[in-house]
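Here is the structure we will look at, set down as structure tokens.
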Amino acid sequence: MTTTSVQRDRIFAGGEWVDPVTSNQLVVENPFDLSEVGRTPDASAHDVDVAVRAAREAFDHGPWARMTFAERAEWMFKLADEMERRGAETSGLITDEIGQPVRLSRPWGQVIPVNHVRYYANIAKDYDEEEVRPNVRREGTSIIRKEPLGVAALIVPWNQPQASTTLKLAPALAAGCTVVIKPAEETPLDAFQFAEASAAIGMPPGVINIVPGGRDTGRALVAHPGIDKVSFTGSAEAGKQIASAAGARLIPVTLELGGKSAAIVLESADLDEMFASLRNASFDNTGQTCALLSRVVVPRSLYGTVRDRLVDLARDLRVGDPDDEATELGPLVSKRIHDRVTGLVETARVQGATILAGDTPLPDVGYFVAPTIVDGVSPDSLIAQEEVFGPVVTILPYDEVEQAIEIANNSRYGLAGAVYGDPDEVLPVARRIRTGSIGLNGYRPDLNHPYGGYKESGLGREFGPEAIGNFQETKSIWR
């Protein structure tokens, strides 16, 4: 935990620390003890313009887009090494900013982001930007060439701020784009670690630029005529607004949005294995992860057993001080999120739901919500349809597997999911779930495979070599 407030008075643009025009500030509150973690500028449209112009200049006239993939890979390896050296400070900031337990902020703020950059650097060092393909209507071959798209706006969320940033930043850098990063207003402080790391290694100016701010800053960035691409992670509602604004300018977007993912339990499921999985798959990051399995769909023959064990699991989760190594769940990120989560649970109770667990002793201060199980609701109820973004799981019964599939697909979202059961039974069910990713007897995403959503869970895919294509144009050279 920080002992003094972290003050950031400038934005980062063109490789320099630039005084903002705005006097407005973002004040970051520690959701555990409600102390002030630090302050940054709340960047104005003018400040956004400064950053975008720096990125534009770097792309149009600087060396980055003109380097080979292998040359960019060398810079990315240096960036990863410098990020690694700063990792402990970064993960500590994240714990203070969002109350993320140290057992999570260390891997997600310190190790995994570095791995992302190295993963894409390794791809880039052997990347072939041109493909020779046979012609069909005449003899000979032509060339398909991949070129960097331009200046990319990276608008990232607060729940895994470093890792969400590097999933965009690393493939954008590999492709040859320059970027303007807008971190979430809840987590602007840790984002400046990218600025300091890039400056420390002497990365060409204007390749990485950072403008902290709220929604108005994000709107100004998306609307700026110097932006060629938007990559956004956040709510479906914000994603729709961004898609509309980008569509008006005919620039591409990648959207990784919300989820209301289902865990389908088959009668053949190994319940011990399943509950070991759900401890993280349903409650990780205090429920503040879009891919969590927040609906557990259970055959009536197992319903009572699974419900009771879910309650036991919820009560067994260790809630408390995020700086304590034993803590599994910390506070929610803010009073706004806390009130939203408790409001959805209370609405479900008023509408007839049975609220189970939710009685874990909590600290006297901080935005805590006890892990909660919601029983006795229909698949169409608000609590079973809306993304709660807190440690709340809804349990739903089914009679036939067809009904379980129908319940799982009964959502405006389609981001993640899992099927638990005999290995020979789970795959046919998984293939019928309308979701961008799904796990068999667990949910374990892997960086080497595309990740994204169906329906209102987003557009496009992150992860894997394919993510580099999010930041490229394709040119055919006929011959």
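Enumerate the pairs (first residue in the stretch 300-315 and not assigned by TED's automatic domain parsing to the domain that holds residue 279; second residue anywhere and surrounded by fewer than 19 Cβ atoms within 10 Å (Cβ to Cβ) and at pLDDT 95 or above) with beta-carbon separation below 8 Å, excluding pairs fewer than 6 apart on the same chain, so at least 6 apart or on different chains.
That search, which allows pairs on different chains as well, returns nothing.
Looking at the structure I just gave you, is residue 76 in contact with a helix residue (DSSP H, G or I) (Cβ under 8 Å, 6 or more places away or on another chain), under 30 Å from residue 330 (Cβ atoms) and either among the aliphatic types (A, V, I, L, M) or not assigned by TED's automatic domain parsing to the domain that holds residue 99 (or both)? Don't jump to the end; show me each part of the working.
On the way: in contact with a helix residue (DSSP H, G or I) (Cβ under 8 Å, 6 or more places away or on another chain): yes; under 30 Å from residue 330 (Cβ atoms): no; either among the aliphatic types (A, V, I, L, M) or not assigned by TED's automatic domain parsing to the domain that holds residue 99 (or both): yes.
It is false that residue 76 is in contact with a helix residue (DSSP H, G or I) (Cβ under 8 Å, 6 or more places away or on another chain), under 30 Å from residue 330 (Cβ atoms) and either among the aliphatic types (A, V, I, L, M) or not assigned by TED's automatic domain parsing to the domain that holds residue 99 (or both).
The rows are residues; the columns are (1) surrounded by 24 or more Cβ atoms within 10 Å (Cβ to Cβ); (2) of a type outside the set (Asp, Glu).
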position	(1), (2)
164	yes, yes
168	yes, yes
178	yes, yes
190	yes, no
201	no, yes
217	yes, yes
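Is at least one residue of the stretch 341-351 surrounded by fewer than 17 Cβ atoms within 10 Å (Cβ to Cβ), touching a residue at least 60 places away in the same chain (Cβ under 8 Å) and of a type in the set (Asp, Glu)?
no
Provide a single number: the residues in the stretch 348-387 that are more than 18 Å from residue 404 (Cα to Cα), part of a strand (DSSP E or B) and more than 27 Å from the chain's Cα centre (by Cα).
Counting residues in the stretch 348-387 that are more than 18 Å from residue 404 (Cα to Cα), part of a strand (DSSP E or B) and more than 27 Å from the chain's Cα centre (by Cα) gives 4.
For the stretch 449-459, does any single residue satisfy the condition of being surrounded by 17 or more Cβ atoms within 10 Å (Cβ to Cβ), touching a Leu at 6+ places or on another chain (Cβ under 6 Å), among the aromatic types (Phe, Trp, Tyr) and over 30 Å from residue 134 (Cβ atoms)?
no
Right, residue 109: touching a residue at least 40 places away in the same chain (Cβ under 8 Å), surrounded by fewer than 23 Cβ atoms within 10 Å (Cβ to Cβ) and not assigned by TED's automatic domain parsing to the domain that holds residue 289 or not? Let's see the steps before the verdict.
Numbers: touching a residue at least 40 places away in the same chain (Cβ under 8 Å): yes; surrounded by fewer than 23 Cβ atoms within 10 Å (Cβ to Cβ): no; not assigned by TED's automatic domain parsing to the domain that holds residue 289: yes.
Here the answer is no, as residue 109 does not meet what is asked.
Scan the stretch 304-318 for residues that are over 13 Å from residue 357 (Cα atoms) and either of a type in the set (A, V, I, L, M) or under 32 Å from the mean Cα position of the chain (by Cα) (or both) and jot them down. Break it down into steps so the answer makes sense when it comes.
Of all residues in the stretch 304-318, those over 13 Å from residue 357 (Cα atoms) come to 304-306, 318.
Matches in the stretch 304-318: 306, 318.
One line per residue, one yes/no per condition, for (1) in a helix (DSSP H, G or I); (2) farther than 11 Å from residue 211 by Cα; (3) small (Gly, Ala, Ser):
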position	(1), (2), (3)
9	no, yes, no
12	no, no, no
20	no, no, no
23	no, yes, yes
26	no, yes, no
33	no, yes, no
37	no, yes, no
43	no, no, yes
49	yes, no, no
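Could you please let me know if residue 295 is at negative phi, in a strand (DSSP E or B) and in contact (Cβ under 8 Å) with a residue 24 or more places away in the chain?
Numbers: at negative phi: yes; in a strand (DSSP E or B): yes; in contact (Cβ under 8 Å) with a residue 24 or more places away in the chain: yes.
Against the criterion (at negative phi, in a strand (DSSP E or B) and in contact (Cβ under 8 Å) with a residue 24 or more places away in the chain), residue 295 qualifies.
Going by the conditions given, is residue 33 farther than 27 Å from residue 228 by Cα, more than 26 Å from the chain's Cα centre (by Cα) and in contact (Cβ under 8 Å) with a residue 24 or more places away in the chain? Walk me through it before giving the result.
Working: farther than 27 Å from residue 228 by Cα: yes; more than 26 Å from the chain's Cα centre (by Cα): no; in contact (Cβ under 8 Å) with a residue 24 or more places away in the chain: yes.
The answer is no for residue 33.
In the stretch 65-117, what residues are more than 19 Å from residue 188 (Cβ to Cβ), out of contact with any Gly (no Cβ under 7 Å at 6 or more places or on another chain) and among the charged types (D, E, K, R)?
66, 71, 74, 78, 81, 82, 84, 85, 103, 106 - these are the residues of the stretch 65-117 that are more than 19 Å from residue 188 (Cβ to Cβ), out of contact with any Gly (no Cβ under 7 Å at 6 or more places or on another chain) and among the charged types (D, E, K, R).
Does the stretch 247-291 hold any residues that are out of contact with any strand residue (DSSP E or B) (no Cβ under 7 Å at 6 or more places or on another chain) and hydroxyl-bearing (Ser, Thr, Tyr), and which are they?
As a first pass, look at the stretch 247-291 and keep what is out of contact with any strand residue (DSSP E or B) (no Cβ under 7 Å at 6 or more places or on another chain): 247-250, 268, 270-273, 275-277, 279-280, 284-285, 288-290.
Matches in the stretch 247-291: 268, 277, 289.
Between 258, 247, which is in a helix (DSSP H, G or I) and not acidic (Asp, Glu)?
On the way: 258 fails: in a helix (DSSP H, G or I).
Result of the check over 258, 247: 247.
The values are calculated or read from the model by the stated rules, or taken from the named source; none is laboratory data. Since the structure is predicted, the reported quantities are computational estimates derived from the model, not experimental observations. Counting neighbours? That spans all protein chains shown, and the Cβs are built from the backbone with ideal geometry, glycine included.
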